[in-house]
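Here the structure is laid out as structure tokens; the discussion comes afterwards.
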Amino acid sequence: MNTEILSIGRALYAARQERHIKLREVSHDIPVATLNAIERGRMIPSLTTTDAITTGLGLDIGAFDLALLATVHDAEDRSRIVDRLIAHHIPTRIIQRVLRTMMHDPKRSRSQRHQAQWLLARCFNQRGFWRRSTILLEHLLGNPSAPRGAFRLAVLSTLGQGYLHQNRPERALNALLQAVAIKPHGDAWESAMANLGLAWWKLGLYLPAQHQWQAVSLGVTHPLRRAQAYCGLGNIALRNAQWSKAIDHYQSALDLYRDAGGSDTDHLRVLNNLLVCYTQQRDTRRATATIAQAYRHGKSDVGVFGEFLATEAQWAWESGQPERAAALIPQAKAWLGEALVVSWFTVRVLDLQMGQVPLEDFGSRLQELEDRLTAVTDERWAGALRLALVRVAWEAGHVGAAQHELAVLERLWPFMG
């Protein structure tokens, strides 16, 4: 008899004996014969059946997920179990141990081994181990017996997401374009559609990004992905200084996040961009309401909250509250930390614009900012930040420094010449 099959049965039997519960008392919906067969290892329960037994034993849903993962027949059940293990913060090493055992088990079918590899990659992806995730998926796709159809779509969609997290938009674009061309259109397809807009955006191809996000906002059913699309459309409008259009898109995203249970981080990102728009429109009433709403969403994401504080400082300065702005700057710096180079730089440019640096210290501060810019490897970001630095230097009367930065910028963006 298969010892793996016995593991879930023995676990259920041990839990029932410990609680002195008789078989007929476990569940009115599951026959006693079925429960007996499960405990004796003659039957593998589905996820739904296991959840019913778990509830009957007075345990939390998911208590037997690890034991069930290695034995359950249904591929969708295995996927749901891994999602639950991740959501319940089961350590990655434990999930990995079970899935790697499944990957290398010669008694399993090839499709089961492939799915275990994809599930492990998804686990790595959601836990922030993006390089490890993409390595697994690249290996899976390079296999002579590479997956086909809906499963290939899911693998490509996960791979594209991993590349985006690694800031490799060219590779993400290639994977996601292959994914969206595959049918049928399910959850993985919708995810690929939404992420495809982000890939175009990261490549600086804003018109394809806009068309992609418009398609997602109209043709995708998942509310959180539609919210992501509206955020993207808002960012494009914001980039084009179309404040009212951007506000409409961001408000649509907020409504979807509220109704679909978006995270505090999701809300805070949108509220940050709304505050930028209200600052540009000089709309004090709505800006004040947005700030109050943002603070209600807490400070769980250090970086995003730091960004919001920097935006709030800019709003305070623009609305004639220099003391409040000056007080917010060090708070934003403290939240952002030195690791977030772009935000670090932006806050200090704001500091210069406010005239916080005495004229005699301007040169040394400028050099400090320039040194920090060497850590920005993305030429689009580096160019945009140097352009801001040119403007600050020019407005402060440092013509020589502005000309020097322009020369550097010309090498980054040759088309400026």
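Summary of values
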read-out: Label point at Ala33 placed 7 Å out along Cα→Cβ; residues across the stretch 42-57 whose backbone nitrogen lies under 16 Å; value: 42-44
read-out: Separation of the Tyr206 and Glu360 label points, Cα + 7 Å toward Cβ, nm; value: 4.3 nm
read-out: Rounded to whole Hz, the Karplus (6.51, -1.76, 1.60) HN-Hα couplings of the stretch 210-216, x for glycine and proline; value: 4, 4, 5, 5, 5, 5, 5
read-out: Net length gained if the chain between Arg285 and His222 were fully extended (0.36 nm per residue, minus Cα distance); value: 19.4 nm
read-out: For the chain, the longest site-free run once trypsin sites (Lys or Arg not before Pro) in DSSP loop states with at most 14 other Cβ atoms within 10 Å are removed; value: 283-417
read-out: Theoretical gain in end-to-end length, Asp60 to Gln321 [0.36 nm per residue, Cα-Cα removed]; value: 88.7 nm
read-out: For the chain, diffusion coefficient by Stokes-Einstein and Kirkwood Rh (Cα), 10 °C, 1.306 mPa s, µm²/s; value: 64 µm²/s
read-out: Calculated FRET value between Val408 and Thr48, using beta carbons and R₀ = 51 Å, to 0.05; value: 0.25
read-out: Proxy reagent accessibility, fewest Cβ within 10 Å first, across Asp60, Asp74; value: Asp60, Asp74
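Every number in this text was worked out from the coordinates using simple rules, so none of it is lab data. Keep in mind that what you see is a predicted model, and the values were worked out from it rather than measured. Note: ideal-geometry Cβ built from the backbone for every residue, glycine included; neighbour counts use all protein chains shown.
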